[in-house]
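The values are calculated or read from the model by the stated rules, or taken from the named source; none is laboratory data. What you see is a predicted model, and the numbers here were worked out from it, not measured in a lab. Cβ placement follows ideal geometry from the backbone for every residue including glycine, while neighbour counts extend to all protein chains displayed.
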Amino acid sequence: MTRIVRSALLQSAYTGDKQTMIDKHVNYVEQAASQGAQIMCFQELFYSPYFCQVQDVKYYSWAEQVPDGPTITLMQEIAAKHNIVLVVPLYEEEDFGIYYNTGVVIDSDGTFLGKYRKTHLPHLPGFWEKFYFRPGNTGYPVFETSVGRVGVYICYDRHFPEGARMLGLNGAEIVFIPSATSHGLSQHLWKIEQTSHAIANGYFVGTINRVGIEDEFGTNHYYGQSYFCDPTGQFVGDVASEDDELVVRDLNLDLIQDVRNTWQFYRDRRPDMYDGIVAS
């Protein structure tokens, strides 16, 4: 039997406050579920603006406990209500003064499956992430969901192929890469790096970018263009626009085995020859 997983991404402009962003995403989950979506991912730091454009301690207040905070508790209820797997990126407070940029995976029955903490953090004008987050310490977990094995990589992580490889080695079938990426230096890489991860590792990638301009935090203009791609690097359907958009696509997970039978990258890789990659 063919394994088709209907999957969704949401790119969304910031509404101006946390509660309306949460309400907006709940509404879109309902829309995705009504279209038959079985799994859905939100954008990086989904309920907040991308506050890392500035450095101000007041934005620490955006952080919540995981999984016991109110947003994840709500999303567990929403996942169970609509029988949909949710990937929920948010600002995590582990303890006083210890914060992470985190992606939470919730199964379709509402079970909290675990979290991935963003590993690679930029720290340059417009992206002051080390002011707000500690580098992730979760490694590269892959979560056994009701629809398949799911991994998470977050925004700046995508510039580093090592973690993308680890997700493949750990068994990922779909890797979600939520982002907050603006017009400028790296835009030409948007359709290159993440399709390359899919090709090199033989899995599907679903990547999300927010949209709009968050004037109160800087001048970054987020360009959307969210998409799914398959293990050959081909887009599944159209790439999204630069406006609010719900992307729903059917992913044929059987293609993973077909591609790996043809391109034997896992068989032919030579980890015994790669010691220099991790040399200090």
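Some notes on this structure:
- Number of the exception - Glu44 against (1) outside any loop (DSSP other than H, G, I, E, B); (2) under 19 Å from Phe127 (Cβ atoms); (3) of a type in the set (D, E, K, R): (1)
- Exactly one residue among Leu246, Leu189 is loosely packed, with under 14 Cβ neighbours inside 10 Å and not aromatic (Phe, Trp, Tyr), and that residue is Leu189.
- Residue count for region 74-97, restricted to those that are closer than 21 Å to Pro141 by Cα and surrounded by fewer than 18 Cβ atoms within 10 Å (Cβ to Cβ): 1.
- Candidate set: region 87-129, residues that are part of a strand (DSSP E or B) and of a type in the set (Phe, Trp, Tyr); chosen: the one nearest to Gln19 (Cα to Cα): Tyr91
- Annotation note: Cβ proximity below 6 Å between a residue of region 118-136 that is within 23 Å of Gly151 (Cβ to Cβ) and a residue that is buried (at least 18 other Cβ atoms within 10 Å of the Cβ) and of a type in the set (A, V, I, L, M) (sequence gap 6+ or interchain) occurs for Lys118/Ile154; Glu129/Leu121; Phe133/Leu121; Pro135/Leu121.
- For region 198-239, the tally of residues that are over 30 Å from Tyr59 (Cα atoms), among the hydrophobic types (A, V, I, L, M, F, W, C) and either outside any strand (DSSP E or B) or under 16 Å from the mean Cα position of the chain (by Cα) (or both) stands at 9.
- Any hit, region 200-211, residues being over 30 Å from Gln31 (Cβ atoms) and not aliphatic (A, V, I, L, M): yes
- Qualifying residue in region 21-36 (condition: in contact (Cβ under 8 Å) with a residue 24 or more places away in the chain, part of a loop (DSSP other than H, G, I, E, B) and more than 24 Å from Asp95 (Cβ to Cβ)): yes
- Picking from residues in region 137-186 that are assigned to a strand (DSSP E or B) and free of Cβ contacts under 8 Å to residues at least 60 places away in the same chain, the one that is surrounded by the most Cβ atoms within 10 Å (Cβ to Cβ) is Gly151.
- Where a residue in region 74-101 is modelled with pLDDT of 95 or more and its partner, wherever it lies, is of a type in the set (Asp, Glu), with Cβ under 6 Å and at least six apart: Ala80/Asp109; Val85/Asp107; Pro89/Glu44; Tyr99/Glu93; Tyr100/Glu92
- Residue in region 54-65 that is assigned to a loop (DSSP other than H, G, I, E, B), touching a strand residue (DSSP E or B) at 6+ places or on another chain (Cβ under 6 Å), among the small types (Gly, Ala, Ser) and closer than 22 Å to Glu94 by Cβ present: yes
- Within region 16-31, tally of residues that are at pLDDT 95 or above and closer than 19 Å to Glu242 by Cα: 4
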